[in-house]
Amino acid sequence: MSKKVKGFSKLSKKEKINWLVSSYFKNDSNAVNILKQYWNSDESLQNLHDEFSENSISNYYLPFSIAPNFLINDKKFTIPMTIEESSVVAAAGKAAKFWMKHGGFKAEVINDEKIGQVHFFYHGNKKTINEYFDFIKPILFKKTESITKKMKSRGGGIIDISLVDKSSQLAGYFQLFATFRTADAMGANFINSCLEEFANIFKNSTQLFSTKKLKKEEIEIIMSILSNYVPNCIVKTEVSCNVQDINSLEPNTPNFADKIIQTINIANLDVHRAVTHNKGIMNGIDAVVIATGNDFRAVEASAHAYASRNGIYQSLSNAYIKKNNFYFELTLPMAIGTVGGVTNLHPLVKLALKILGNPNSKELMKIIASVGLAQNFGALRSLVTSGIQKGHMKMHLINLLNKYEANENEKKLAQIHFKENTVNNNSVENFINKIR
Ligand code: MEV
């Protein structure tokens, strides 16, 4: 059992590990060894990683993989992907290869507007707060110029601020609802700094309001924070080919294209399927978001809210046939950046961005969305043909062999045996026992 610990963050790394190991591992040196095994021998690199987060005691490895053969807007890409699920990168690469032969992905950023809100309460006269807002709005722009100057020079800044009356839903509740462009940054720090300044100015400038009908005590600021829901920061990507081409991809599955369309119809009416369908898309999205040092929680949260924009949770992707052409598309919100955060700090992230040709944030949005669509295509293709387990378990075989501590020779024999046989936990265990 752990004892309550005071001033933990002030302890040295060694002291933190000692505390952990004595509290949870009965001072077992093996626990220390596991933590230390993942330390980097390059001290400055290790320090850099330690400083990304408080109380860091080791590093957590995930595979850094690459998926070649992506053609996006007529440009070839090799995609860095960070993910632990064994079949994801293989599926992405396979789908990309097929679509490369059919013109590749056509992607566009539809809009890149971000949102932030100051949430406050005011119970007085509505006309007064509206007049005060009209009075203060230019001052909010003016007085945040020191924060917005640099962003403006990069093509971003505050787009607009409006007063939103939510008092019919919650007594006295209003918002300052602001929209922003943040150029190549995800923009969280910029937006939050602007919002906190808006709140401060809004609360503390009532005495400047000429009619003096408003007292600062009447405005109760609750919080100022960006919204991770960015329905106006949207990217769309699409692939298409003629129906014969897509159907000939799976000659043993009659009406392959129609079956893909039915998977979308099913996801659009059944939430259980829709969540799994979108999870498959996020397999690709998150892997690139993580490899490029972006905030996958923000991208996930926004994507799922967007999937519910019609009042029910539905598929993020769409498929249809028009004039004998099969179209497969994905539209989703995405707040990511190619500057700021760890993008300029983490050596692997810098390398990942370099592999992608150092894209700006809009280019990266298009790349990430295209990987999501490729992933979705790969998953749906397997689901309506061989089933997911065949490919998935083939890729998972090596994990199972490692679980049974197979040596190199046993692994070789297993790879041959399981070319023709079904992979599952039991069959791998039996095989290993048989050959030992
Ligand atoms: C597995 O990680 C993802 C899938 O379940 C996605 C899907 O069902 O569409 C295969």
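The table that follows gives values for the structure above.
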| read-out | value |
| --- | --- |
| When residues of region 376-433 are limited to those that are in contact (Cβ under 8 Å) with a residue 12 or more places away in the chain and of a type in the set (S, T, Y), the one nearest to the ligand (Cβ to nearest atom) | S382 |
| Count - residues of region 105-121 that are open to solvent by less than 50 Å² (accessible area, probe 1.4 Å) and either of a type in the set (A, V, I, L, M) or touching a Ser or Thr at 6+ places or on another chain (Cβ under 8 Å) (or both) | 11 |
| Unmet criterion (only one of (1) closer than 22 Å to K94 by Cβ; (2) without any contact (Cβ under 8 Å) to a residue 24 or more places away in the chain; (3) among the hydroxyl-bearing types (S, T, Y); (4) away from the ligand (no atom under 14 Å from the Cβ)) for S370 | (2) |
| Complete set of residues in region 383-395 that are open to solvent by less than 60 Å² (accessible area, probe 1.4 Å), in contact with an Asp or Glu (Cβ under 9 Å, 6 or more places away or on another chain) and part of a helix (DSSP H, G or I) | V384, H392 |
| Unmet requirement for K259, which otherwise passes all of (1) open to solvent by less than 70 Å² (accessible area, probe 1.4 Å); (2) among the charged types (D, E, K, R); (3) over 22 Å from M365 (Cα atoms) | (1) |
| Filtered residue count, region 262-295, keeping only those that are surrounded by 16 or more Cβ atoms within 10 Å (Cβ to Cβ), more than 15 Å from the ligand (Cβ to nearest atom) and more than 17 Å from A374 (Cβ to Cβ) | 3 |
| Qualifying residue in region 334-341 (condition: modelled with pLDDT under 95 and open to solvent by 50 Å² or more (accessible area, probe 1.4 Å)) | yes |
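The values are calculated or read from the model by the stated rules, or taken from the named source; none is laboratory data. Because the structure is a prediction, the values reported are computed rather than measured. Using ideal geometry, Cβ is built from the backbone for each residue, glycine included, and neighbour counts are taken over all protein chains shown. For accessibility, only protein heavy atoms count, side chains too; no ligands or nucleic acids. Shrake-Rupley method; radii C 1.70, N 1.55, O 1.52, S 1.80 Å.
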